[in-house]
Amino acid sequence: MYCGVVSNQGTLATLILQNLSRGTNHGYQIAQDIKRRSEGVLDFREGTLYPALHGLEAKGLIASRLAKENGRTRCYYKLTEKGKRALAAQKKEWLAFSGAVSLLLEAAS
Amino acid sequence: MRGYAQNPDRCLAAWWLAIATRNLVAPAKERIRLEIEAHYADSLNAHLEQGRSDVEARICALNELGDPIIAAKRFRAQHLTENQATLLKETVNIWWRLLDLSNYCATFGCFTFAPIPNGGRLLLSVTAFPLAGIIVAGITRMNPSVRLARLGVLFRTLALVPAMYAFYTVSGSVGHGLQALIAVIDIILAVVLWFGLRFWLKLGEVGDLRTEMSDQRTAPT
């Protein structure tokens, strides 16, 4: 079975936005959710997650707030309206792309 | 350091953070520290709950953070470094605006004393860019925002182009000694132009300039 490390920034951004479309979440939980939902296929390495989160925040696609939980300070992220629109566009683009690649691969085999 | 030596988890996370956040501004460092320490602690607890030994759990938790050098490269693309914050503060400083003005005067002087084809149009660009840069810098000082800061940096950087052209044109009507000096000045200006454009691109990735430039550390709400 394929087991990949998510390193493509565009793919990672889409996965983060999709995760946050379900509600507010923090970095560790986002990584765990993606790992769990992809049944361990997708993983984060090399400090990609937090720079990607900060980049999405800088673009206004997500918003963050610091909150104390069990004596530990966490940074919670949520999707903004702009983020929702970007996610819808990225989903559409990805589905069209993956559909086209599948068609080509199926035709070749 | 005694505190870190007594707490190996904090020490490992601190080691990773020291590399990943090297040279970043204090508010960015603090925010990344909070996130990474929470992530590391969560990860460590999860590995301990899975039945791993203390040492194994620490290694796994640290491994999950990834390569701190790659993380540092990515964080530097998203946050200002200390040098960049200082540069940005200085660009709205009155002395830098005076430097812009002197650049303008020097370039204007070149145009006045040298015959340049299409001098009128060039003169307009020589006047327009530094003046626009000075005005935008003044507004940015009163109201720090990424868009204005970017615009100010872009104007000031573009102001170097007609300046370089003016110096290049003047070099045709001066002696060999001065020609070499002008060539050196043009090379320096080209390097500054390259750094200026890189800085302009970088500012496009920075989110909230007020937070990045703030001297105070972020506090949890």
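The values are calculated or read from the model by the stated rules, or taken from the named source; none is laboratory data. Small disclaimer: the values here were computed from a predicted structure and weren't measured. Cβ atoms come from the backbone with ideal geometry, glycine included; neighbour counts cover every protein chain shown.
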Fill in: Residues being in contact (Cβ under 8 Å) with a residue 60 or more places away in the chain and not in a helix (DSSP H, G or I) - total across the stretch B:12-51
2
Worksheet item: Which of (1) more than 17 Å from B:VAL206 (Cβ to Cβ); (2) modelled with pLDDT of 90 or more is the odd one out, the single condition B:LYS29 does not satisfy?
Response: (1)
Worksheet item: Which members of the stretch A:21-31 meet the condition of being within 9 Å of chain B (Cβ to nearest Cβ) and either surrounded by fewer than 19 Cβ atoms within 10 Å (Cβ to Cβ) or not in a strand (DSSP E or B) (or both)?
Response: A:GLY27, A:TYR28, A:GLN29, A:ALA31
Discussion item. Among (1) part of a helix (DSSP H, G or I); (2) on the phi > 0 side of the Ramachandran plot, there is one condition A:ILE34 misses while meeting the rest; what is its number?
Written reply: (2)
Worksheet item: Looking at the stretch A:59-102, which of its residues are touching a Phe, Trp or Tyr at 6+ places or on another chain (Cβ under 7 Å) and surrounded by fewer than 13 Cβ atoms within 10 Å (Cβ to Cβ)?
Response: A:ARG65
Worksheet item: Of all residues in the stretch A:59-72, how many are more than 9 Å from chain B (Cβ to nearest Cβ) and at pLDDT 85 or above?
Response: 3
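Regarding the stretch A:79-99, can at least one residue be identified that is in contact (Cβ under 8 Å) with a residue 24 or more places away in the chain and in a strand (DSSP E or B)?
Checked against the condition, which is being in contact (Cβ under 8 Å) with a residue 24 or more places away in the chain and in a strand (DSSP E or B), the stretch A:79-99 yields at least one hit.
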Worksheet item: Could you list, in sequence order, the residues of the stretch B:39-71 that are within 12 Å of chain A (Cβ to nearest Cβ), aliphatic (A, V, I, L, M) and surrounded by 20 or more Cβ atoms within 10 Å (Cβ to Cβ)?
Response: B:LEU44, B:ALA61, B:LEU65, B:ALA71
Worksheet item: Going by the conditions given, is A:GLY47 touching a His at 6+ places or on another chain (Cβ under 8 Å) and within 13 Å of chain B (Cβ to nearest Cβ)?
Response: no
Practice prompt. Report whether or not A:LEU56 is surrounded by 11 or more Cβ atoms within 10 Å (Cβ to Cβ), within 11 Å of the chain's Cα centre (by Cα) and more than 9 Å from every other protein chain (Cβ to nearest Cβ).
Written response: yes
Worksheet item: Taking the stretch B:146-163 as the region of interest, how many residues are over 9 Å from B:TRP200 (Cα atoms) and of a type in the set (Val, Ile, Thr)?
Response: 2
Worksheet item: B:VAL184: assigned by TED's automatic domain parsing to the domain that holds B:LEU87, touching a residue at least 24 places away in the same chain (Cβ under 8 Å) and part of a helix (DSSP H, G or I), yes or no?
Response: no
